[in-house]
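The values are calculated or read from the model by the stated rules, or taken from the named source; none is laboratory data. As the structure is a computational prediction, the values presented were derived from the model and not from experiment. Note: ideal-geometry Cβ built from the backbone for every residue, glycine included; neighbour counts use all protein chains shown.
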Amino acid sequence: MAIDLQERRRRAKRRNFYAFGVIVLFSAIVGWNYLDNLYAFYSGRPLTTLSVWQFNLHTLFYDLCLRLHGFAQPKPPPLLPNPEIEERWRKRLEGWLGGAFRYLPDIIIVAIDDQTVRSLKQGGISYPPMPRSVYSELVRKLKVVGAKVVAFDLHMNLPSPFGEKDDENFQRALGEVGNIVLASRLFVERFSGGFSTTYEGPHYPLADKAASVGLIEMTIDASDRAIRAATVAALYRNKWLPSLATMAAGFWLGKTEEQLQQELSQGQFNGQRLPLVFYRIGAEDNFEGLIFSALLLNFAGAEKSFRYIPLEAVIFPERNGLTEKDL
């Protein structure tokens with residue numbers, strides 16, 4: 001079904017013109033009746049009211065105004081999408097018939113929760129900050145229990161406050177384990193002359209030993225500061241930088257960062273086209289902001305719906321009555 005938008009606009013203009021004429025005539029009749037009664041009041045004549053035919057005529061004029069403005073007309077036919085777009089969306093929706101997923105069993109969150117903080121303090125380990133020697137022990141244990149990829153959602157951009165030996169211990173662990181993805185950031189900085197985009201990776205000695213790095217910036221809706229999408233990548237110097245989650249997933253599939261960037265530049269991942277949405281973060285009147293690609297969240301579940309284990313249970317399994325086999 002073809003929709004002629006130009007013809008619709010012409011009809012709307014004609015309706016507005018006719019409605020204006022009817023409203024003027026209607027107002028003139030009401031005004032004439034008002035002035036006639038006003039003159040009668042001052043001249044001592046009895047006041048007149050609208051006769052039956054005048055009342056019916058006013059009602060008909062009012063109904064005509066409504067019809068000319070479209071309030072009393074049947075709804076117009078909807079604007080139908082292009083058949084190609086409709087077919088593409090139909091196939092996409094068929095792929096989503098299962099609805100939101102609850103969790104993926106291959107993903108496990110190792111959390112620094114209250115139980116972990118209490119246990120570390122009992123062992124004489126301060127937090128925050130966390131000694132990176134604890135992370136060294138963590139990644140070694142995760143390798144033993146079969147973790148294929150470990151992604152740190154922590155921005156380790158500075159040297160350890162516990163000294164060089166703490167960093168060296170973590171560097172050795174990164175080299176030994178070989179499957180660690182560290183976090184990086186991409187953000188906007190304001191200065192007197194305008195704006196600049198800053199990329200901040202992990203502390204260089206750590207980045208040198210890590211398998212890869214990924215962005216931890218979130219895509220936030222400006223209207224209400226809610227997060228409705230997960231970042232896939234961000235455009236920086238004509239390259240799409242993968243997010244931490246994207247990089248971890250690609251690394252799990254055996255892809256290199258170059259392969260991943262090439263796919264992301266085509267809006268794809270692992271050979272599949274992604275239904276991406278795009279955010280412009282930090283945009284100002286004289287600054288275009290950062291362009292982030294994201295996927296709308298398709299998840300339903302409460303906190304800790306994903307498989308969840310305290311960091312303390314991995315570092316000190318014996319305190320929790322666990323063995324490496326249990327982990």
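Checked against the criterion of being in contact with a Phe, Trp or Tyr (Cβ under 9 Å, 6 or more places away or on another chain), of a type in the set (Asp, Glu) and without any contact (Cβ under 8 Å) to a residue 24 or more places away in the chain, the candidates Glu263, Glu217, Glu258 yield just one match: Glu263.
Would you mind stating whether Ala245 is of a type in the set (A, V, I, L, M), in contact (Cβ under 8 Å) with a residue 40 or more places away in the chain and either surrounded by 15 or more Cβ atoms within 10 Å (Cβ to Cβ) or under 20 Å from Gly289 (Cα atoms) (or both)?
Details: of a type in the set (A, V, I, L, M): yes; in contact (Cβ under 8 Å) with a residue 40 or more places away in the chain: yes; either surrounded by 15 or more Cβ atoms within 10 Å (Cβ to Cβ) or under 20 Å from Gly289 (Cα atoms) (or both): yes.
Judged against the criteria, Ala245 is a match.
Just one residue in the set Ser160, Ser196 is surrounded by fewer than 20 Cβ atoms within 10 Å (Cβ to Cβ), of a type in the set (S, T, N, Q) and either assigned to a strand (DSSP E or B) or modelled with pLDDT of 90 or more (or both); that residue is Ser196. Among the residues making up the stretch 137-163, those that are over 26 Å from the mean Cα position of the chain (by Cα) and β-branched (Val, Ile, Thr) are Val139, Val144, Val145. Looking across the stretch 113-128, the residues that are within 35 Å of the chain's Cα centre (by Cα) and among the β-branched types (Val, Ile, Thr) come down to Thr116, Val117. In the stretch 246-299, the qualifying residues are those that are small (Gly, Ala, Ser) and on the phi < 0 side of the Ramachandran plot, and the one that is nearest to the chain's Cα centre (by Cα) is Ala294.
Of the residues Lys91, Lys121, the single one that is within 30 Å of Asn298 (Cα to Cα), modelled with pLDDT of 65 or more and loosely packed, with under 15 Cβ neighbours inside 10 Å is Lys91.
Hey, among the residues in the stretch 175-198 that are touching a Phe, Trp or Tyr at 6+ places or on another chain (Cβ under 9 Å) and free of Cβ contacts under 8 Å to residues at least 40 places away in the same chain, which one's farthest from Thr246 (Cα to Cα)? Once the filter is applied, the top-ranked residue is Arg190.
Output the residues belonging to the stretch 138-157 that are outside any loop (DSSP other than H, G, I, E, B) and touching a Gly at 6+ places or on another chain (Cβ under 9 Å). Selection gives Lys143, Ala151.
Scanning the stretch 305-323 for residues that are at pLDDT below 70 and either out of contact with any helix residue (DSSP H, G or I) (no Cβ under 7 Å at 6 or more places or on another chain) or charged (D, E, K, R) (or both) yields a single hit, Gly321.
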